[in-house]
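The values are calculated or read from the model by the stated rules, or taken from the named source; none is laboratory data. Since the structure is predicted, the reported quantities are computational estimates derived from the model, not experimental observations. Here the Cβ positions follow ideal geometry from the backbone for every residue, glycine too, while neighbour counts run over all protein chains shown.
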Amino acid sequence: MSTRTESLFTVATEAVNHFKQYGFTSQAELERWVARIRKAALLQLRPPAETERFIRDALTQKYRSLVTQGGILRDMPDIKRVGLDSVKPKLRAELDRRIMASTNLIKLNRQEAMDKTLRRFQGWATSIPAGGSRAVDVKDEKDDIRKAIGQMSFIERRVVIDQSHKLVAAINEIVAVDNGALALEWHSPWRRPGYDYRHDHKARDEKIYTIRGNWALEKGLMKVGPAGYYDEITSVGQEPFCSCTARYIFALRKIPLDMLTTKGAFALPAK
């Protein structure tokens with residue numbers, strides 16, 4: 001068989017035509033075609049080093065926008081630059097952790113796509129009787145063989161988008177909690193056209209969740225509200241492809257009155 005560099009389209013076409021004409025005649029013949037398909041599929045995928053660079057660049061750019069360039073301070077005006085600088089080691093560790101998680105996830109997706117491609121081909125090829133079959137739609141079969149590999153570019157982009165949102169959510173939470181946030185207001189984009197929202201996340205929209213152990217709780221100035229503690233639910237961006245966000249609350253005067261104790265109400269500055 002040819003050893004030249006071949007596209008997956010070409011190999012899939014030749015493989016389907018071969019089995020349409022001759023059928024499944026031997027395991028050795030099948031394995032030769034499997035090897036050619038595997039090689040062509042690997043050549044179609046982005047090289048691992050390039051994939052890791054793509055992930056690292058995308059997440060690092062998001063990190064720089066929020067941390068290095070101080071974009072997070074615009075969303076959290078209660079935080080000063082010194083407060084952001086104080087947690088930079090934690091934020092950098094979160095970036096490194098997210099890059100590693102993203103790289104590993106894409107590796108798993110690549111392996112799954114390869115396994116699915118070869119499994120589909122072998123399942124189909126072994127179903128064709130020796131002598132071949134006229135009842136084979138070459139286009140449908142070769143498209144089916146190439147489908148999983150062909151989707152990998154889209155899957156990689158989705159992983160990076162999802163992991164970028166997870167990174168942003170984690171950075172926001174670290175900065176907010178370490179700088180004295182009292183609570184957060186959950187925001188679900190369920191109104192966004194076409195967004196496949198989770199119903200329980202829609203139910204959380206605009207509810208205020210208490211951050212456990214915050215200074216106002218310890219001083220008896222506030223109490224847990226009806227929504228409960230934030231650590232009792234999945235966090236913003238935690239679940240796959242969750243695009244929810246949080247608005248963090250730092251000032252006692254911005255806490256709902258039903259979450260203030262009598263002591264806390266009296267501690268509010270006079271209007």
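For the stretch 47-66, the criterion of being more than 17 Å from A169 (Cα to Cα), assigned by TED's automatic domain parsing to the domain that holds H165, surrounded by fewer than 17 Cβ atoms within 10 Å (Cβ to Cβ) and of a type in the set (S, T, N, Q) is met by no residue.
Which residue pairs have Cβ atoms closer than 6 Å, lie 6 or more positions apart in sequence or on different chains, and pair a first residue in the stretch 157-180 that is free of Cβ contacts under 8 Å to residues at least 12 places away in the same chain and within 14 Å of R247 (Cα to Cα) with a second residue that is part of a helix (DSSP H, G or I) and among the aromatic types (F, W, Y)? Sorted first by the residue in the stretch 157-180, then by its partner, the list stays empty. Annotation for the stretch 90-108: at least one member residue is closer than 30 Å to L221 by Cβ and exposed (fewer than 15 other Cβ atoms within 10 Å of the Cβ). With respect to Y230, is the statement that it is more than 21 Å from V160 (Cβ to Cβ), in contact (Cβ under 8 Å) with a residue 40 or more places away in the chain and of a type in the set (F, W, Y) true? So Y230 passes the test.
Just wondering, is there one or more residues in the stretch 238-246 that are without any contact (Cβ under 8 Å) to a residue 24 or more places away in the chain, in contact with a helix residue (DSSP H, G or I) (Cβ under 8 Å, 6 or more places away or on another chain) and not aliphatic (A, V, I, L, M)? No, the stretch 238-246 contains no residue that is without any contact (Cβ under 8 Å) to a residue 24 or more places away in the chain, in contact with a helix residue (DSSP H, G or I) (Cβ under 8 Å, 6 or more places away or on another chain) and not aliphatic (A, V, I, L, M). Here the condition is being modelled with pLDDT of 90 or more and not in a helix (DSSP H, G or I); of A130, A93, it holds for A130 alone.
The rows are residues; the columns are (1) hydroxyl-bearing (S, T, Y); (2) touching an Asp or Glu at 6+ places or on another chain (Cβ under 7 Å).
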{"residue": "I99", "(1), (2)": "no, no"}
{"residue": "L118", "(1), (2)": "no, no"}
{"residue": "F121", "(1), (2)": "no, no"}
{"residue": "R134", "(1), (2)": "no, no"}
{"residue": "V177", "(1), (2)": "no, no"}
{"residue": "W186", "(1), (2)": "no, yes"}
{"residue": "R192", "(1), (2)": "no, no"}
{"residue": "Y195", "(1), (2)": "yes, no"}
